[in-house]
Amino acid sequence: MKKLIFIALSLAFVLYACDSSNVYKDNKTFSDLVWKKQDKAVFDFTIEKEGKYDIFLDCRYIEDYPYNIMNLNYNIKSENQENNKNLIIAIKDKDGYYIGEQMGNMIDISRKVTKDTLLPAGKYTISIEENVSPKALAFVMEIGVRVNTVEKQE
């Protein structure tokens, strides 16, 4: 049974990694399960061809995460412009149950930050800071960014 689960997870990972719409994907791991206030997650990537893109924020956390939300400062910067926004991500539903795909005590959640956004070719930096706790955010394993092409471009 364990072998079957391992094969299924490996296949899912390979299929996900081969997603042709995926232009960039990276995660910052917090090995001690603590996202310290001063630890900004920074992601640098290059867009080779101008087009429309979706940007996702991916997070993996442990079910002991103490808050109902994750409040984040999100910044995307290119050679010509900069955009800041505050993101509020629901971690628990109205009944107190964790949102996301759960495996054991780990929960993965993904939120689309931008949809069908025209990005010119060039270099980009996305930085993310936690804005929930005064010093550190406990029970966070990873925070990541994924950039996908929008399939139907005109």
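Every read-out reported here was derived from the displayed coordinates using simple, explicitly stated rules and does not represent laboratory data. Here the structure is a predicted model, which means the values were calculated and not measured. No Cβ is skipped: glycine too gets one built from the backbone with ideal geometry, and neighbour counts run over all protein chains shown.
Given in Å, the Rg to one decimal and the Dmax to the nearest whole number for the Cα atoms of region 98-144 are 14.7, 41. Projection of the Cα convex hull of region 25-98, averaged over all directions and equal to a quarter of that hull's surface, yields 6.7 nm².
Backbone N atoms of region 39-75 closer than 17 Å to the 7 Å Cα→Cβ label point of SER127 belong to residues 39-45, 72-75.
Taking every alpha-carbon pair in region 23-149 and binning the separations at 10 Å intervals from zero gives 12, 45, 30, 12, 1 percent. In terms of other Cβ atoms within 10 Å, LEU118, LEU72 run from fewest to most in the order LEU118, LEU72.
Kindly flag which residue pairs out of LYS92/LYS123; LYS77/LYS115; LYS25/LYS135; LYS37/LYS123 have an alpha-carbon separation exceeding 24 Å in this structure.
Details: LYS92/LYS123 35 Å; LYS77/LYS115 17 Å; LYS25/LYS135 27 Å; LYS37/LYS123 26 Å.
Beyond 24 Å: LYS92/LYS123; LYS25/LYS135; LYS37/LYS123.
Note on ASN22 and ASP39: the model spin-label points, each 7 Å out from Cα along the C-beta direction, lie 2.3 nm apart. Straight Cα distances below 14 angstrom link LYS36 to the aspartates and glutamates GLU129, GLU130, GLU142, with same-chain residues fewer than 8 positions distant left out. A straight Cα-to-Cα reach below 22 Å connects LYS94 with the lysines LYS112, residues fewer than 8 places away in its own chain not being considered.
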